[in-house]
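Take a look at the structure set out below.
The values are calculated or read from the model by the stated rules, or taken from the named source; none is laboratory data. The shown structure was predicted, so the numbers you read here are calculated from the model rather than taken from an experiment. With ideal geometry, Cβ positions are generated from the backbone for all residues, glycine too; neighbour counts draw on all protein chains shown. These area figures cover heavy atoms from the full protein model, side chains too; ligands, DNA and RNA do not enter into them. Shrake-Rupley method; radii C 1.70, N 1.55, O 1.52, S 1.80 Å.
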Amino acid sequence: MNHSDWLARSRAAVWHPCTQMKFHETGVLPLIPIARGQGAWLYDFEDRRYLDAISSWWVNLFGHAHPRINAAIKDQLDRLEHVILAGFTHAPVVELSERLSALTGKMLGHCFYASDGSSAVEIALKMSFHYWRNHGRPEKNQFLCLTGSYHGETLGTLSVGDVDLYREAYGPLLRQAITVPSPDARLAEYGETAADVAQRAAAGLEAALAAHHASVAALIVEPLVQGAGGMVMYDPEYLRLACALCDRYNVHLIADEIMVGFGRTGTLFAHEQADIRPDFLCLSKGLTGGYLPLSVVLTTDAVYAAFYDDALTRGFLHSHSYTGNPLACRAALATLDLFAEEAVLERNRQFAERFTGLLTPLAKHRQARHFRHCGMIWAVDIATDDPEFRLRFYREALHREILLRPLGKTIYFMPPYILDEAEAALLAERAVAALDAALA
Ligand code: PMP
């Protein structure tokens, strides 16, 4: 089979995600069959290569084909590939739960698993509502979310989302959450700091809580960086204030760290930077190093206790077939080993400093606005009226061996944590070249 055979067969048989399929036919959007991956690079069937600068939709932490994670999965494969997690348990899921709980300082000691990020968010929403119901407060059945928030694309998660592109068509199917102001640091007025914007947004949250707390189960946030909404970054002060307000008004705080978890913002978990404890922590993506679908919701003893009872229906009767899959758990354990044994966060800090320097020409580009950076995420908005900018830039970047997928007019970088000096320099240089070509 060659390159073009795979293209034709894929177009005929595979309905690709988040894609207007006709764009593949007309060539507006190239389709690239990938034969193999190694480190930060993806290779097609003609051995053209692409630097995976978005970690394959933000999942890959240590590169493709990492020997440690590969070996862990292969070892598990010969022991137990899968077993139902209702009524049965297994070593990888027990060990992973213990280690994740320890990483939260044992404050979130109960792990409920699913297979993808959206399912984890659904679980947190259902658990929060059900907690209040079990406490005789069934009227607490609404949710608060931030403007521009994104928590997935199932109906429940779209209901707590605020990105029109994904939500608009399904509006009639949704029970929309109450949106409160985003602490987006770009909203700073002259003389204001990001912390000032955070305080202003928290005042908006307080007003919403004062008005609606009796009917609100939880506030859901993406800590520090709102991803799909445009890599919106904000000050940790917002999380401190929001957490205190949720406590005051008896409303849960759900931290959706599906994108920002596992070192993306500079700390293992983003909420650590605000020194807060959410009631629910949703993790996925980097959890398995980007290998296998796995997600988890960690929660408190108090939430767990609300379901612990003689009555079946006070329990959390939610399940997914592949809950806690052993292969995925082993990939996750190998990923946690890498964090434990290699000074990943420190290495990332040093890399980030150098990479920010390398991105100076992009930050200073005449059409660049609001260059921003948090941990291992960099973003910049491009001032252009071209509605085709996103696709134009995407094609120009691919043409230069770079995989970067702008969100609207925001170019962002979310590379795996293993780029060497040469790869970092190549990425930074070619991104500017692609930008110039896309704008020409
Ligand atoms: N929450 C956030 C913050 C996300 O970035 C995503 C995925 N981009 C999700 C939830 C949904 O995860 P999944 O795509 O695995 O369903």
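Of note:
- Rounded to the nearest whole Hz, the Karplus-based 3J(HN,Hα) values (6.51 cos²θ - 1.76 cosθ + 1.60, θ = phi - 60°) of region 306-320 follow the sequence 5, 9, 7, 7, 7, 7, 3, 6, 7, x, 9, 8, 10, 7, 10, with x at glycine and proline.
- Charge dipole (Cα centre; +1 on Lys/Arg Cβ, -1 on Asp/Glu Cβ; no other charges) of the chain amounts to roughly 440 debye.
- Order by protection proxy (mean Cβ within 10 Å, highest first), peptides 287-296, 274-283: 287-296, 274-283
- Once both labels are positioned 7 Å from their Cα atoms along Cα-to-Cβ, the gap between Thr26 and Ala211 label points is 4.2 nm.
- Directionally averaged projected area (convex hull, Cα atoms, region 149-260), nm²: 7.0 nm²
- Computed label-point distance, nm, for sites Leu317 and Ala305 using a 7 Å Cα→Cβ extension: 2.5 nm
- Region 400-439 residues near the modelled Asp385 label - backbone nitrogen below 18 Å, point 7 Å along Cα→Cβ: 409, 439
- Listed values for region 4-21 are Karplus-derived 3J(HN,Hα) couplings in whole Hz (6.51 cos²θ - 1.76 cosθ + 1.60, θ = phi - 60°), namely 6, 4, 5, 4, 5, 5, 5, 4, 6, 10, 10, 8, 6, x, 6, 9, 7, 4, and x replaces Gly and Pro.
- Relative contact order %, the chain, counting alpha carbon pairs below 8 Å whose residues are six or more apart: 20 percent
- Shape annotation for the chain: C-alpha extents along the principal axes are 62, 61, 45 Å, from largest to smallest.
- Kirkwood-type radius of region 115-158, with distances r between different C-alpha atoms, in Å: 11.3 Å
- Reducing region 1-79 and region 113-191 to their Cα centroids gives an inter-centroid distance of 30 Å.
- Full extension of the chain between Ala433 and Tyr190 yields a length gain of 84.3 nm, computed as 0.36 nm times the residue separation minus the alpha carbon distance.
- Above-threshold pairs, the threshold being 23 Å between Cα atoms, out of Lys126/Lys285; Lys74/Lys126; Lys74/Lys285: Lys74/Lys126
- Formal net charge of residues neighbouring Ser4 (Cβ-Cβ distance under 14 Å; K, R +1; D, E -1): -1
- Packing-based order for 157-165, 28-36, using average beta carbon neighbours within 10 Å, highest first: 157-165, 28-36
- Chain lengthening between Ser56 and Glu341 when straightened (0.36 nm per residue, less Cα-Cα): 100.2 nm
- Surface composition of region 342-418: carbon plus sulfur atoms contribute 50% of the solvent-accessible area (1.4 Å probe, protein chains only, all chains present).
- Estimated inter-spin distance, Ala71 and Met1, nm [label 7 Å along Cα→Cβ]: 3.1 nm
- Those GluC sites (Glu not before Pro) in region 309-396 that DSSP places in a loop and that have at most 14 other beta carbons within 10 Å: Glu342, Glu388
- Maximal additional length on extending the Phe88-Asp247 stretch stands at 53.7 nm, based on 0.36 nm per residue less the C-alpha distance.
- Highest average packing first - 133-143, 114-124, Cβ atoms within 10 Å: 114-124, 133-143
- The DSSP beta bridges internal to the chain are antiparallel in roughly 65% of cases.
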